[in-house]
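A.B. asks: Okay, handing you the structure first.
The values are calculated or read from the model by the stated rules, or taken from the named source; none is laboratory data. These numbers were taken from a predicted model, which means no experiment stands behind them. Glycine also receives a Cβ, built like all others from the backbone with ideal geometry; neighbour counts cover every protein chain displayed. Accessible surface areas use protein heavy atoms only, side chains included; no ligands, DNA or RNA. Shrake-Rupley method; radii C 1.70, N 1.55, O 1.52, S 1.80 Å.
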Amino acid sequence: MSADTRTKLSPEEVDAFLSSHPNWSLDAGRFHRSLRFDDFVAAFAFMSAVALMSERMDHHPEWHNVYNRVDIWLNSHDVQGLTSRDTRLVDAIDTLLSRTSPS
């Protein structure tokens with residue numbers, strides 16, 4: 001993967017990353033994942049944890065929440081594409097999810 005956080009990932013790098021992260025997809029040039037939790041409180045707790053993580057990483061998701069559902073989209077707006085900042089946030093989110101239990 002590209003080490004420079006301002007360098008766009010190549011299409012091959014994006015494909016390789018997605019092949020190792022099967023719960024994520026590409027949606028309009030952004031990494032995307034849909035999640036369902038047991039209830040609103042669980043969804044909101046997850047979003048709060050991601051908010052704190054992403055603030056520390058200075059890289060923030062686009063997301064949508066309705067009751068127990070959370071959709072996440074990631075891309076690097078400053079370069080209008082995907083970078084290692086996005087892959088690192090995906091990895092952090094996946095690590096968080098491995099400790100929680102979305103439906």
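A.B. asks: Among the residues of segment 55-67, are any closer than 26 Å to PRO11 by Cα, touching a residue at least 12 places away in the same chain (Cβ under 8 Å) and in contact with a Pro (Cβ under 8 Å, 6 or more places away or on another chain)?
C.D. replies: Checked against the condition, which is being closer than 26 Å to PRO11 by Cα, touching a residue at least 12 places away in the same chain (Cβ under 8 Å) and in contact with a Pro (Cβ under 8 Å, 6 or more places away or on another chain), segment 55-67 yields no hits at all.
A.B. asks: Please give the number of the condition SER25 fails out of (1) under 11 Å from the mean Cα position of the chain (by Cα); (2) in contact (Cβ under 8 Å) with a residue 24 or more places away in the chain.
C.D. replies: (2)
A.B. asks: Another question, if that's okay. Where residues in segment 6-55 are part of a strand (DSSP E or B) and within 15 Å of ALA92 (Cβ to Cβ), which of them is most open to solvent (accessible area, probe 1.4 Å)?
C.D. replies: Per the stated criteria, the residue is ARG33.
A.B. asks: Moving on. List the pairs whose first member sits in segment 83-97 and is farther than 16 Å from PHE46 by Cβ and part of a helix (DSSP H, G or I), whose second member is open to solvent by less than 10 Å² (accessible area, probe 1.4 Å) and among the hydroxyl-bearing types (Ser, Thr, Tyr), and whose Cβ atoms are under 7 Å apart, counting only residues at least 6 apart or on separate chains?
C.D. replies: If the second residue must be open to solvent by less than 10 Å² (accessible area, probe 1.4 Å) and among the hydroxyl-bearing types (Ser, Thr, Tyr), the pairs left are ARG85/SER76; ASP86/SER76.
Yes or no, residue by residue, for (1) open to solvent by 30 Å² or more (accessible area, probe 1.4 Å); (2) among the polar types (S, T, N, Q); (3) under 12 Å from the mean Cα position of the chain (by Cα); (4) modelled with pLDDT under 90:
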{"site": "MET57", "(1), (2), (3), (4)": "yes, no, no, no"}
{"site": "VAL66", "(1), (2), (3), (4)": "yes, no, no, no"}
{"site": "ASP71", "(1), (2), (3), (4)": "yes, no, yes, no"}
{"site": "LEU74", "(1), (2), (3), (4)": "no, no, yes, no"}
{"site": "LEU82", "(1), (2), (3), (4)": "no, no, yes, no"}
{"site": "LEU89", "(1), (2), (3), (4)": "no, no, yes, no"}
{"site": "LEU96", "(1), (2), (3), (4)": "no, no, yes, no"}
{"site": "SER103", "(1), (2), (3), (4)": "yes, yes, no, yes"}
